[in-house]
Each structure stands twice: as C-alpha cells, then as structure tokens.
1. To the nearest 500 deg cm²/dmol, what mean residue ellipticity at 222 nm is calculated for the chain from DSSP H runs of n ≥ 4 alone, each contributing -39,500 (n - 2.57), summed and divided by the residues?
2. Sort 33-44, 171-182 by the packing proxy (mean of other Cβ within 10 Å over each peptide's residues), most packed first.
3. Along region 338-343, what does the Karplus equation 6.51 cos²θ - 1.76 cosθ + 1.60 (θ = phi - 60°) give for ³J(HN,Hα), rounded to whole Hz, x for Gly and Pro?
4. Match the structure shown to one of the listed values [x] 72, 52, 42; [y] 84, 46, 46; [z] 97, 49, 43 of Cα extents along the principal axes in Å, computed from it, and give that label.
5. Summarise the accessible area of the chain (1.4 Å probe, protein heavy atoms) by the percent that is carbon and sulfur.
6. Where only protein heavy atoms count, and the probe is 1.4 Å, what is the accessible area per residue for the chain in Å²?
7. Which FRET efficiency value, to the nearest 0.05, is calculated for residue 445 and residue 173 with the Förster distance at 51 angstrom and r the Cβ-Cβ distance?
8. Quick one: check the C-alpha center-to-center distance for region 221-262 versus region 340-386, whole angstrom.
Amino acid sequence: GNIIGSGIFISPKGVLEHSGSVGLALVVWVIGGGIAVLGSLCYAELGVAIPKSGGDYSYVTEIFGGLAGFLLLWSAVLIMYPTSLAVIALTFSNYVLQPVFPNCIPPYNASRVLSTVCLLLLTWVNSSSVRWATRIQDIFTAGKLLALALIITMGFIQIFKGNYEELTPSNAFDFWMSPSVGQLALAFLQGSFAFSGWNFLNYVTEELVDPRRQNLPRAIFISIPLVTFVYTFTNIAYFTAMSPQELLSSNAVAVTFGEKLLGYFSWVMPVSVALSTFGGINGYLFTSSRLCFSGAREGHLPSLLAMIHVKHCTPIPALLVCCLTTIIIMLVGDTYTLINYVSFINYLCYGVTIIGLIVLRWKKPKIFRPIKVNLLVPVTYLLFWAFLLIFSFYSEPVVCGIGLIIILTGVPVFFLGVYWRNKPKCVNRLAESMTYWGQKLCFVVHPQEGAPEEDDLPFTHSQLPRSEKSLKK
C-alpha cells in the first residue's frame, strides 16, 4: 500500500527516456524490483537486531551516532519528504488539467496554483482531525487500485487481440539512442521513485506481530514481487496502446492510454489517477509531519515541532513546516528533475543504512539475529548502490551536488543546535520567544499524560517521555 502510489503514473516516461528502448525499460523495472527485495532483506535483519520503530533514522543513530542520524533526519525533512510531496502534487495537477489542455502541456502557473491549493487543503484537513486524514486515505486508496487494475486488464485485452507490435523482441530492443552507463543509472533512479516505500515496514517494527520469526520476511517476499509484477505489466499495457514516441510526448501517460482505448469512458483514467495522487499527498503529509514530530521529541529539531493542538490533537507546527518546504521545492523544479533529487538522496540514505548492517556485524557479532541474511545480499546491494550513485553523479552533477550540499548543511546545524548545550542566554531567550509565539498562533502544547483520548493522538502514550527530566525539557 505504501509502495504503490503516484510513481507508476510518473516514472514510466522518465525510465523510457533514459533507457532508449522499450525492452531495456522493462528490464529496468524488473531489476528495480529485485534490488528492492535485496534492500528489504537487509532491513529485515536490522529490524529484528535493533527492534525500534523509526526505520533508517533509528538504525543509523544507533550504529553511527547522533550526527549521522541527524543528517538522515535533516535530509528527510528538507529533501526526501517535501520533494516526494511536490512530485505527487504536480502529478495531481497535471492529471486534473490534462483534459482541459488536451493538445499541450498544462501551463506552469496553472499546475503550481492547483498543486498549492491541494496542499493547503490537505494540510488544513490533517491539522483539523486525525480521523478525517485517515478516512481520506482509506477512501482515496481505491483510486489507484481502480486505475492500475483497469490499465492491466485493458493491456491483456490488447495482447489477446494481437496488438503487441512494440513488445516483439525486434521492436522492443530497437534503440533510438544508445544509452550510456550514466543514462542507465538515471533510468534506475526514475524507476526507484516508484518503488520508494519498500522500507516503510521498518518504521513500525515495534508494533509488528512476531517480526522475529516469519512475518517480516513473509511481508517482503509477498509484497515486493507483487508490486514488481503490477509495475511491469502496467508498462507492458502502456506499450500495447502507445508507441514509445507517443508515451514520451505525453505529460500524463495514463490519460493518453485511456483516450486511446476507453473512448467515451476515458474520463475514468484521469479521475482515478487524481484520486490516487490526492490520497498520496494526504499520506505523505501525515507521515512526514510525524517524522518531524519524532525528531523534535528526540531533541534533533526545534521543540515547537513536537507540539500538538490543544483540541484537535494534531501536530500543526510540523504540518505547516512540511507544507511550506513542499511549496518552496515545487516552485523551483520540474517533476523529473525533482525525481532525480529525491531518488539520489533516498538511495544515499538506503546505502548508508545497509553499510550500517555490515558495521553492526563487525561491532556486535554475537547480538541475537533471528533473521540473518547471507553477506552477499548487502554486498550485492551496495555494489549496485555505488554504481547508481557514481554514474548518476556523473550524468547529473548539478542535481546530485546540490542534494549533497543540502545534506552537509546539516553538519553546522547539528553542532550549533543539538551538540552545543551551553548557548548564550540571548539565544535561549530567542528560541523560547519563537516557541511561545508559535504556541499562541497554533494553539499547541507539549503532549502530556492523560490529556486527550488515545485514539485521537498521532502517537501512543507509551511513546511519551517518562522521566521527570524529559518532561521538564
């Protein structure tokens, strides 16, 4: 449910553009799923060896210390979540506006305004009620399932009718350009955006029933091959109705597919994808605000972000920060450049976490590991990871370089904001003043024991600080 989202409606164009042929594009999708399986197995071992919810953030902090954990949190708050949100919001606006502008790309200003309105609306919903946010997620999840089921079914019908010229080996591997190694790395980056979310199960390891035995690997071996099947056959379906040139010229692939095959009912496709992406924006806002909340509660972000609304029990300051950073990123980049940004940083963080698995084997060889993967699994993943990052950096040095610079800006922030304890009184007074006015404007307080009902909270009472020192802080 977390993996399948807007990516499959965005990434096919980027994968095909950098692959240079239909056949190689399909190979990229299959290998992308295999790499996600390898990464998931490594995360499964980490999840049972370090049984803490929080995923990458918890493992990196435990293995490499506070600075590394803070940099991962910093990159997630500043780049990964806001950029993913920006991509999904732009996809939503493109699919909504495509029927209005059938013969051209929707205007820049129109797509940005609609994306911003959508973000502001869902930020308000998430600020007003946790229940409203979860109900929206439940309802709009059906949109993506309807769209993908419809695409794959129509694709099989086309194949049975004999409309698969683009999929025959002679045509599928007819390259209109010779892809370089760097272009191939960018194709994998575009595809990896659609697979992002394979590590989300590790964010709730503490709540998973019996992860130490079979549930965690079972979830991996069922879900990721299933997602890979869905993604591959969705792309096969696209090529039964469109030539590669038509797919590359389309700004909304599923809409073009619907117009070619569904006739009068072609409106179903943009509506379904719009519903899917709308739910995706809601889901990312919900989870990214909780990441800010958790980071602030650990003392790695300003304490204001760990506060919740007095009545609605929602983390309004964290939601506002996520919304603002998303709007800023959305205004400075196009969809496919943003995908390269977020995929590069995602893979960087995945690799550091899996390096942590090898370091943990060396530092704590006798720790109890109910799941222990063969060392070839992390090594194979890291070889692919190194290939992807090195050649992506070679092909897109500006995009990848800016991403690295943004991550490294977290180093002085960590030492000034977290590590430096004895700050001058004027700095403390300024921080207290900002927190005070933030509380007044957002009507928020630090969560306390026994305040709201458990079901209304974005966390459980067991997650609250217990010590007097923590409560005082």
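1. -23000 deg cm²/dmol
2. Highest to lowest by the protection proxy: 33-44, 171-182.
3. 5, 4, 4, 4, 5, 5
4. Recomputing Cα extents along the principal axes in Å here gives the entry labelled [x].
5. On the chain, the fraction of accessible area on carbon and sulfur atoms equals 67 percent.
6. I get 45 Å² per residue for the chain.
7. 0.25
8. When both Cα centres are located, 32 Å separates them.
The values are calculated or read from the model by the stated rules, or taken from the named source; none is laboratory data. For clarity, every value in this text was computed on a predicted model and none was experimentally measured. Neighbour counts run over all protein chains shown; Cβ positions are idealised from the backbone, glycine included. Calculation scope for accessible area: heavy atoms of the full protein, side chains included, ligands and nucleic acids excluded. Shrake-Rupley method; radii C 1.70, N 1.55, O 1.52, S 1.80 Å.
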